[in-house]
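Visitor: Once you've had a glance at the structure underneath, I'll fire off some questions.
The values are calculated or read from the model by the stated rules, or taken from the named source; none is laboratory data. From a predicted model like this one, the values you see are computed outputs, not experimental measurements. Neighbour counts are summed over all protein chains in view; Cβ atoms, including those assigned to glycine, are modelled from backbone coordinates with ideal geometry. For accessibility, only protein heavy atoms count, side chains too; no ligands or nucleic acids. Shrake-Rupley method; radii C 1.70, N 1.55, O 1.52, S 1.80 Å.
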Amino acid sequence: MKKIITLFLFCIIFSAMPALSGSVPTIDKDELKALLGSDTLVLFDVRTGRDWSSSGEKIKYAIRVDGGDLSVAKTFPKDNTFVLYCA
Amino acid sequence: MIWSHLITISLVFSWMVSPDALVLLGNNAGKGGLPFIAALAIGAALSALCANLIYHPDATGNSSGKTAPHTFTIGRYAATTITVATRISLAVLLPTGMLVTAGFTFNETFVYWFPNFGFSFILLGLILTLHLAGERFAEVAQLLFTGIVIFCLLLLSLAGVFGTTSEQVYGATFHFSLPLPLICGTLLLFLGYDQPSPDSKARRYILLAIIGGFVLFSLWTIASLGHVAPEKLASSTVPYIISAGRILGTPGKIIIGIAIIAGSCSVTNGLFILANKSLLQQTNLFPSFINHFWKKRIFPIGFSIAIGLSMIFGFAGDELLETYILGALLLWIAAMGFRCLAATRRIQLTQSCPFHYGYLISALFFLAALYLTVTDNYTAQLFSFFVLTLVVSGIVTAGGYLFHRPSPP
């Protein structure tokens, strides 16, 4: 019984991790569409491997970030709007 | 009889009509331009010569059907190890990548709200169900999957060739050349003609499939280059979508979407069938308590679990998968070299010619595999993959031999 409860608690905590990871603001596709063309928008395509290569939907001018290395973001002014998309 | 030959042809096409083969074709067509068709002809001719040797009556006559076809050259243990390594790596790695591609295609072309991985798992479940139902179901489905892709590609190609071309006709401003990697790469496109038990009666149908593949690839190359700038084809990760979209607009994208999904099913189902048949011949690999019913189904179940776990744990999103897929394909080319060599040595037992062209063909296959390995950006990873795959397969084979001592050949 102890094992079942432990496993249950582990599952609860594991599934709640995204919520506990802090508040990262998200935007929907209409909000992004409105931002496209703006000088302050910096768009990162963070899809990796086949997630990226199989997709026929790639936003023009998005910067592809492979392997999770976002160091390229440091080259842009901090007051820009940074958007990461993964799907 | 005709039915069984049609199934053989559809199995030869299983990789040829896959999404990854179409990417390779599109990229190379962009790099080479129209002269790439000459490279395709060289690749098709070499593959046809290799198949002609493997299915030669003098090469297949003494085959017991229970030993790996290249046993004659390198011995039973090494031959079985190569068969296990090649078939398993192909049956697990290629479907992992291409089912994911099918998922994305379905999501982006047909039903936007449907999860792409959900669709990949549905296809995997469908193919596993076919194999659990029985070999006959899987073979008939293979005919259907391959037929759909060939029909869709022919439709788009003919529309592209005979329809109006857009502004970038054959990319007149792009520099064309036929470098060695391009010619070696065409050998990858025609793989699939090595059936587990080569039968000389199937020879003409195998050759027909290779010629058919060449015609289909050439038509698609002409159609693509007539509508898309070569540099765009060369650099795109989905050149088939761009070509289809330019040829027929939205209906073209729908047709290629159907072809990509059917092609993913074709490569998964086809490689499952080929691997299952090849591995079933290695009777030493099975513990004695497994009965005949489960023997025929244990490998598709194992492959499906491996593919499912790879997708769940995000291996499809890893660049390493692409390197391993290339590694599996290069192992396949090398295995063709071994089979060609074995066939040549068998033929020489009945023909007393001092030199046979088969030695040259097999050497070209080995050299092509080696060249593509050393010129790749991930040479070290490819060599690691070869060593790891062969060592694991060697251990599995040796384990089987420990429990089932093989009878003398």
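Visitor: With viscosity set to 1.567 mPa s and temperature to 4 °C, compute the Stokes-Einstein D of chain B, Rh being the Kirkwood radius across alpha carbon pairs; µm²/s, no decimals.
Guide: Translational diffusion coefficient: 60 µm²/s.
Visitor: Counting only protein heavy atoms and rolling a 1.4 Å probe, how much accessible area do B and A lose on contact, total for both sides, in Å² to 100?
Guide: Chains B and A together bury approximately 1200 Å².
Visitor: Next question, about the same structure. Using only Cα atoms, find the angle between the long axis of helix B:76-109 and the longest principal axis of chain B, and express it within 0 to 90 degrees, rounded to the nearest 10.
Guide: Taking the Cα atoms of chain B, the angle to B:76-109 is about 30 degrees.
Visitor: Compute the accessible area per residue over region A:24-85, keeping the other protein chains in place, probe 1.4 Å, unit Å².
Guide: Ligands and nucleic acids excluded, the result is 67 Å² per residue.
Visitor: Moving on to the next point. Give me the angle, in degrees from 0 to 90, between the Cα long axis of helix B:379-403 and the longest principal axis of the Cα atoms of chain B, rounded to the nearest 10.
Guide: For B:379-403 against chain B, the angle is about 30 degrees.
Visitor: Name the residues of region B:302-322 whose accessible area falls by at least 30 Å² when all protein chains are present instead of the chain alone, probe 1.4 Å?
Guide: B:G317, B:E319, B:E322
Visitor: Size of the protein assembly as shown along its principal axes in angstrom, Cα-based, largest extent first?
Guide: 79, 73, 40
Visitor: Whenever you get a sec, line up B:I261, B:I211 from highest to lowest accessible area (probe 1.4 Å, protein heavy atoms).
Guide: Order by accessible area, largest first: B:I211, B:I261.
Visitor: Given labels modelled 7 Å from the Cα in the Cβ direction, how far is it in nm from A:R64 to B:S235?
Guide: Modelled inter-label distance: 1.0 nm.
Visitor: Now a separate question. Of B:W332, B:W220, B:W294, which has the largest mean-square fluctuation in a 10 Å C-alpha GNM of chain B?
Guide: B:W294
Visitor: What's the FRET efficiency of B:H356 with A:D79 using the Cβ-Cβ distance as r and R₀ = 56 Å, to the nearest 0.05?
Guide: Numbers: r = 73 Å, r/R0 = 1.30.
So the FRET efficiency works out to roughly 0.15.
Visitor: For B:K201, go through the aspartates and glutamates and keep the ones whose alpha-carbon is under 15 Å away, minus same-chain ones fewer than eight residues off.
Guide: Counting by Cα, and skipping residues close in sequence, B:K201 has these aspartates and glutamates nearby: B:D58.
Visitor: Please quote Rg/Rh for region B:280-409 to two decimal places, taking the Kirkwood radius as Rh and restricting both calculations to Cα atoms.
Guide: Checking Rg against Rh, the ratio lands at 1.05.
Visitor: Could you name the aspartates and glutamates in cross-link range of B:K296, using Cα to Cα under 16 Å and dropping any fewer than eight places away on the same chain?
Guide: B:E135, B:E139
Visitor: Students sometimes get this wrong: rank B:E135, A:E57, B:E108 by accessible area, probe 1.4 Å, all chains present, largest first.
Guide: Correct descending sequence by accessible area is A:E57, B:E135, B:E108.
Visitor: Here is a follow-up. Report the relative contact order of region B:184-321, percent, no decimals, based on alpha-carbon pairs under 8 angstrom and at least 6 residues apart.
Guide: 16
Visitor: What pairs in A:K33/A:K58; A:K60/B:K232; A:K58/B:K232; A:K33/A:K78 have C-alpha atoms more than 19 Å from each other?
Guide: A:K33/A:K78
Visitor: Output ³J(HN,Hα) for region B:308-324: one whole-Hz value per residue in order, computed from phi by the Karplus curve 6.51 cos²θ - 1.76 cosθ + 1.60 with θ = phi - 60°, and x for Gly and Pro.
Guide: Each residue of region B:308-324 in turn: x, 5, 4, 6, 4, 8, x, 5, 5, x, 9, 4, 4, 4, 5, 5, 5 Hz.
Visitor: Between the chain alone and the structure with every protein chain in place, find the residues of region B:233-269 that drop at least 30 Å² of accessible area; heavy atoms, 1.4 Å probe.
Guide: Buried on complex formation: B:T237, B:V238.
Visitor: If you don't mind, there's one more thing I want to ask. Using the Karplus curve 6.51 cos²θ - 1.76 cosθ + 1.60 with θ = phi - 60°, work out ³J(HN,Hα) for each residue of region B:140-154 in order, rounded to whole Hz, and write x for Gly and Pro.
Guide: 5, 4, 4, 4, 5, 4, 5, x, 4, 5, 4, 4, 5, 5, 5
Visitor: How much of the accessible area of region B:282-409, probe 1.4 Å, is carbon plus sulfur, in whole percent?
Guide: It is 70 percent, rounded to a whole number.
Visitor: Taking the mean number of other Cβ atoms within 10 Å as a proxy for protection, how do you rank A:24-37, B:296-309, B:234-247 from highest to lowest?
Guide: B:234-247, B:296-309, A:24-37
Visitor: Once Rh is set to the Kirkwood radius over Cα pairs, what Stokes-Einstein translational diffusion coefficient, in µm²/s, holds for region A:24-85 at a temperature of 4 °C and a viscosity of 1.567 mPa s?
Guide: The calculation lands on 103 µm²/s.
Visitor: Further question: Helix B:357-374 versus the longest principal axis of chain B: what is the Cα-based angle in degrees, 0 to 90, to the nearest 10?
Guide: Rounded to the nearest ten degrees, it is 60.
Visitor: Follow-up question, since we're still on this one. Taking the alpha-carbon centroid of each part, what is the distance from region B:101-117 to region B:259-323 in angstrom?
Guide: Comparing the Cα centres of region B:101-117 and region B:259-323, I get a distance of 23 Å.
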